[in-house]
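Derivation of every value follows stated rules applied to the coordinates shown; laboratory data play no part. Being a predicted model, the structure only gives us computed values, none of them experimental. Every residue, glycine among them, receives a Cβ derived from its backbone with ideal geometry; neighbour counts consider all protein chains shown.
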Amino acid sequence: GGTADQSEAVEQVASARLIVGPWIAAVAGGAGGAVSAEFARALVESAADKLLAPLEVEGWDWAGLEAWKPEAVAGEVGQIARSIRQRITGRRAVSMRRLSTLEWIAVIAGIVALLVFLAFPLLFFLNEIAWAG
């Protein structure tokens, strides 16, 4: 039943070395009431390393971090796997987020501006050589 499953989950969390899951698992009453206060407390108090995914949840917003839409989690499996590898090897998990379309446009515009900036002195130099010769 539910109570036996919950007790087993609490025991597993208490003895785990690494916990991977959605952040809402650490909130009592989270996931529509599916997370009990006992489980949330066990998760928070566990000595395990914790990798909690920033899933988008109605009524919650993230500051300084993009929330993952539940349907996009499959696309983040690579990031989750990298984070797990980093923790297993004793390093701090570092996120690598993808650039947005606007950020890509800014990067490309910056590269073009740099090339134009570098091209003028080169063209001037080549022009001087052509006129000197």
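Where Lys and Arg each count +1 and Asp and Glu each count -1, what net charge lies around Ala26 among other residues with Cβ under 10 Å from its Cβ?
+2
Could you derive backbone 3J(HN,Hα) for region 10-19 from the dihedral phi with the Karplus parameters 6.51, -1.76 and 1.60 (θ = phi - 60°), listing whole Hz in sequence and x where the residue is Gly or Pro?
5, 5, 5, 5, 5, 9, 6, 9, 9, 10
Could you tell me which residue out of Gln6, Ala42, Ile24 lies farthest along the dipole of region 1-53 toward its positive end? Charges go on the beta carbon: Lys and Arg +1, Asp and Glu -1, centred on the Cα centre.
Ile24
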